[in-house]
1. What residue, among those in the range 33-69 that are hydroxyl-bearing (Ser, Thr, Tyr) and open to solvent by 80 Å² or more (accessible area, probe 1.4 Å), is farthest from Glu7 (Cα to Cα)?
2. Just to verify a result, which residue in the range 20-32, among those that are within 13 Å of Ala6 (Cβ to Cβ) and not in a loop (DSSP other than H, G, I, E, B), is most open to solvent (accessible area, probe 1.4 Å)?
3. In the range 1-19, which residue that is assigned to a loop (DSSP other than H, G, I, E, B) and open to solvent by 90 Å² or more (accessible area, probe 1.4 Å) is farthest from Gly45 (Cα to Cα)?
4. Among all residue pairs at least 6 apart or on different chains, which show Cβ distances below 6 Å where the first residue, located in the range 4-27, is without any contact (Cβ under 8 Å) to a residue 12 or more places away in the chain and the second is open to solvent by less than 90 Å² (accessible area, probe 1.4 Å) and of a type outside the set (D, E, K, R)?
Amino acid sequence: MTQAEAEERARTLQAGHPDRDTHRFVARRGEGDDWEVARIRVPDGLKRTPLTPAIEARPRPPHPDDPRSGHEVRAPGVAGGLS
C-alpha cells in the first residue's frame, strides 16, 4: 500500500468505523516502502465527548463609578489628594 492509499484508508476508517470514538486510525510506514493503517487507542481523558448545549452567560453588571475625587485619582497615595 502506498502512503496516499494508507492515508485515505485511515480517513475512511476514522469517519465510519464503529471504534472511531475510542481509537484513532493513522497511516504509518511499515516494512520497506510499504505503508499500513494503525489503530491507536485513545486514553480516557482525551476521548471526544458529545457536544452539549451551550449555556449562555448573563451580561455582567456595569462597574460602579470611582468614589475617589479627581485629586485622589490623579495623585494616588496622597491622603485626600492634593492640598
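The values are calculated or read from the model by the stated rules, or taken from the named source; none is laboratory data. In this text the structure is predicted, and so the values were computed from the model without any measurement. Backbone-built Cβ (ideal geometry, glycine too); neighbour counts: all protein chains shown. Accessible surface areas use protein heavy atoms only, side chains included; no ligands, DNA or RNA. Shrake-Rupley method; radii C 1.70, N 1.55, O 1.52, S 1.80 Å.
1. First pass over the range 33-69, keeping only residues hydroxyl-bearing (Ser, Thr, Tyr): 49, 52, 69.
Okay, now just the ones that are also open to solvent by 80 Å² or more (accessible area, probe 1.4 Å), so 49, 52.
Working: Thr49: 25, Thr52: 31 Å.
Checked the range 33-69; the qualifying residue farthest from Glu7 (Cα to Cα) is Thr52.
2. Looking at residues that are within 13 Å of Ala6 (Cβ to Cβ) and not in a loop (DSSP other than H, G, I, E, B), I get Arg29.
3. Start the filter on the range 1-19 by keeping residues that are assigned to a loop (DSSP other than H, G, I, E, B), which leaves 1-2, 17-19.
This time we only want the ones that are open to solvent by 90 Å² or more (accessible area, probe 1.4 Å), so: 1, 18.
Working: Met1: 33, Pro18: 19 Å.
Applying the filter and picking the extreme gives Met1.
4. Pairs found: Gln14/Phe25; Arg20/Gln14.
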